[in-house]
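The values are calculated or read from the model by the stated rules, or taken from the named source; none is laboratory data. Quick caveat: nothing in here was measured; it's all calculated off a predicted structure. Here the Cβ positions follow ideal geometry from the backbone for every residue, glycine too, while neighbour counts run over all protein chains shown.
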């Protein structure tokens, strides 16, 4: 009967922790699973040493702590991946809306007012690094000077990226252990009688 209680408790804990796992963070899952595994192993070790309850408690705490740390690490990696994906998607969406040189020329050829074109440049966050050749191309296509000046003022903004932190790993030197030498013990002192030791 004494082994039935820990088993029942572990089965009950496993059943309770299994519910709602889809909404749990990896940290929470790690704490739960680590606690269960630790409690199970702690109970087994505790039973072998004669104190299963203490073993279960200590094992559960150590397991929960370890599981939580591992889960938290996975959560942080997932969050960083999500941030990169969101930033990339936002940059791609913004880039898709920006006006290029040919878009501005097309708007001029369609008869849009200068201020409408300037507002569109501002509203889409369009930026330009115009070369002398670009200026000639715009002028040849009858782009008004006010629009060209607005394009020159809409310079790309330097984007600050997160600094990359490189942590050097400590140098580890592996040294071979000294060779193992087996020494045969000397025979015990004894009395020799006709070729035999007594």
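Taking the condition of being surrounded by 14 or more Cβ atoms within 10 Å (Cβ to Cβ) and assigned to a helix (DSSP H, G or I), how many residues in segment 128-145 meet it? Steps first, answer last, please.
If we filter segment 128-145 for residues that are surrounded by 14 or more Cβ atoms within 10 Å (Cβ to Cβ), which is where we start, we get 128, 130, 134-135, 137-138, 141, 143-144.
If we keep only those that are assigned to a helix (DSSP H, G or I) too, we end up with 134-135, 137-138.
Summing the residues that are surrounded by 14 or more Cβ atoms within 10 Å (Cβ to Cβ) and assigned to a helix (DSSP H, G or I) in segment 128-145 gives 4.
Applying the criterion of at least 1 residues that are in the same structural domain as residue 31 (by TED's automatic domain parsing) and surrounded by 17 or more Cβ atoms within 10 Å (Cβ to Cβ) to the helices (runs of 4 or more DSSP H) found wholly in segment 41-127 leaves 52-97.
If the condition is being touching a helix residue (DSSP H, G or I) at 6+ places or on another chain (Cβ under 8 Å) and modelled with pLDDT of 90 or more, then segment 91-111 contributes 104, 105, 107, 108.
For beta carbons closer than 7 Å, sequence separation of 6+ or different chains, a first residue in segment 110-129 that is under 10 Å from residue 147 (Cα atoms) and a second that is part of a loop (DSSP other than H, G, I, E, B) and modelled with pLDDT under 90, the qualifying pairs are 121/99; 121/154.
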